[in-house]
Amino acid sequence: MTDICYPARAPLLSVLQAQQAIAAVINTIQDTELLPLDQVLGRVLATALASPIAIPPQANAAMDGYGFAAADRVKDEIFSLQQVGISWAGKPFAKKLQAGQCVRIFTGAVVPEGVDSVIAQEQIRRDGDSIVFPADTAPYKNIRAAGSDVQQDQLLLTAGKVLTAVDIGLLASAGISQVAVKRRLKIGFFSSGDELVSLGQPLLPGQIYDSNRHQLRALLQNPQYQPSDLGIIKDDPALLEQTLLSAAAAHDVLISTGGASVGDADFIRQCLANCGVVEFWKIAVKPGKPLAFGRIGDCLFFGLPGNPVAVLVSFEKFVRPALAQLAGARPCHTLAFKVRCDSRLRKGAGRQEYQRGLLRQDRNGELSVILAGGQDSHQLNSASNANCFIVLEPDNQGVEAGEMVTVEPFQTVL
Ligand code: AMP
Ligand code: MG
């Protein structure tokens with residue numbers, strides 16, 4: 001058990017240091033499950049997958065037209081070939097093409113033996129059974145070779161890939177109907193605070209609605225997670241400790257909000273120390289300075305601050321990457337880029353700030369960002385108005401309108 005007395009003058013950890021310290025204690029889950037292809041969207045692929053077949057399995061036509069042999073073409077002159085049959089998608093022309101012959105062929109239809117070229121149907125003229133090809137007929141066109149998408153035994157996806165809709169299409173095209181994925185993470189979350197009231201209850205003086213639990217539940221909506229809502233726990237050390245111990249036995253990860261600081265009613269750190277191993281950090285980040293992190297048995301614990309915007313920032317910067325690592329997902333890089341900032345930003349030196357911004361794109365495609373509203377850590381309304389973080393480095397001391405800043409969009413649509 002680590003010493004829970006956090007030295008008053010201990011240096012603040014940088015965001016990167018805290019992320020690295022968390023990453024250092026995580027053991028990726030090993031359990032996998034075999035699921036039907038249609039149930040693996042967003043899940044983490046457990047093993048590399050190769051294609052058992054070539055895709056396409058056979059050469060086929062890339063458009064509706066006429067299949068012919070390049071050897072029958074008369075260069076720079078109009079020429080005619082006799083149509084001897086039709087190759088439909090799913091119903092190929094079974095015979096071999098002889099000299100002077102051509103076939104009607106449709107997109108996706110197997111190219112008959114003897115055909116090495118397809119011409120688009122708009123380019124020919126029909127004269128009875130005779131097909132008249134133009135003088136500029138090009139040979140060897142409009143045929144998709146067998147294996148031109150994927151060769152047999154070619155690697156399709158590597159372990160750790162978070163499966164997308166396109167990945168699922170790719171696996172289906174290879175005939176793969178079942179996929180081994182990492183099992184879902186069992187994640188328990190609760191709020192702590194005597195002032196908190198659940199939705200549906202009237203608010204008495206001094207009370208507020210518990211918004212964190214609902215925000216967290218939504219942040220945890222991911223096919224890789226199996227979240228469970230453990231409710232509101234009063235600021236009562238015995239109750240908190242009991243909750244931690246029983247919940248840790250049933251989950252891979254526990255997340256609490258509130259009570260994580262050093263006030264007289266902040267018990268999370270002490271309770272965690274009594275139940276397991278605690279790391280308590282003050283991180284040079286705003287919002288979200290205090291973070292209790294540790295383990296209770298094999299269960300990871302994140303004690304997030306109570307302020308709702310701090311919950312958002314600590315979740316995105318510390319919890320989400322940890323969950324990805326635990327789930328076995330390949331590390332990914334948060335999209336960040338520089339844009340012009342049209343607001344003046346206030347900032348003191350020392351902490352890395354994630355201000356809430358509104359990224360905009362004008363008619364010429366030029367991007368700019370403005371502040372989304374008030375930046376206090378209880379101001380969820382402005383955070384809801386935001387579509388990006390404006391990331392300000394610790395040594396930054398404010399931004400004048402017109403300067404460039406780094407943004408991290410929340411989504412790919414504005
Ligand atoms: P604490 O970290 O417990 O000192 O809480 C910091 C601030 O966040 C206080 O103003 C709390 O009232 C508020 N807060 C704590 N938990 C929640 C919650 N679940 N929902 C909304 N606000 C909360
Ligand atoms: Mg509290």
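Surface listing: Cys299, Cys275 arranged by accessible area from highest to lowest gives Cys275, Cys299, probe 1.4 Å. Which of the pairs Lys186/Lys286; Lys182/Lys338; Lys91/Lys141 have their Cα atoms more than 26 Å apart in this structure? Exceeds cut-off: Lys186/Lys286; Lys182/Lys338. What the chain shows is 50 Å² of accessible area per residue, with the surface traced by a 1.4 Å probe over protein heavy atoms. Near the amide H of Phe410, within less than 5 Å, lie the amide hydrogens of Cys388, Phe389, all on another chain or at least 5 residues away, with H placed in the peptide plane. Here the contact order of segment 60-144, divided by its residue count and restricted to Cα pairs under 8 Å and six or more residues apart, works out to 43 percent. The magnitude of the dipole of the chain, with charges of +1 and -1 set on the Cβ of Lys/Arg and Asp/Glu and taken from the Cα centre, is near 220 debye.
Kirkwood radius and radius of gyration were both taken over the C-alpha atoms of the chain, and their ratio Rg/Rh is 1.19.
Taking amide H atoms as placed 1.01 Å from N in the peptide plane, the amide H of Thr32 lies under 5 Å from those of Arg183, each 5 or more residues away in sequence or on another chain. Candidate cross-link partners of Lys282 among the lysines, defined by an alpha-carbon separation under 25 Å and a same-chain spacing of 8 or more, comprise Lys234, Lys317, Lys347. Scalar couplings 3J(HN,Hα) for segment 133-149, obtained by applying the Karplus form with A = 6.51, B = -1.76, C = 1.60 to θ = phi - 60°, are 8, x, 5, 9, 4, 9, x, 6, 10, 6, 10, 8, 5, 4, x, 6, 8 Hz; x denotes Gly and Pro. Computed over the chain, the per-residue total of -39500 (n - 2.57) for DSSP H runs of n ≥ 4 gives a 222 nm mean residue ellipticity of -5000 deg cm²/dmol, rounded to 500.
Summary value for the chain: 16 percent relative contact order, contacts being C-alpha pairs under 8 angstrom separated by 6+ residues.
For segment 289-390, GluC sites (Glu not before Pro) are listed when DSSP marks them as loop and at most 16 other Cβ atoms sit within 10 Å of their Cβ; the list is Glu366.
The accessible surface of the chain, taken with every protein chain in place and a 1.4 Å probe, is 51 percent carbon and sulfur. The largest accessible area among His251, His378, His214 belongs to the first residue in His378, His214, His251, and the rest follow in falling order (1.4 Å probe, all chains).
The values are calculated or read from the model by the stated rules, or taken from the named source; none is laboratory data. Source: prediction; values computed, not measured. Please note: Cβ atoms are built from the backbone with ideal geometry, for glycine as well, and neighbour counts cover all protein chains shown. Note: accessible area is taken over every heavy atom of the protein model, side chains too, but ligands, DNA and RNA are not part of it. Shrake-Rupley method; radii C 1.70, N 1.55, O 1.52, S 1.80 Å.
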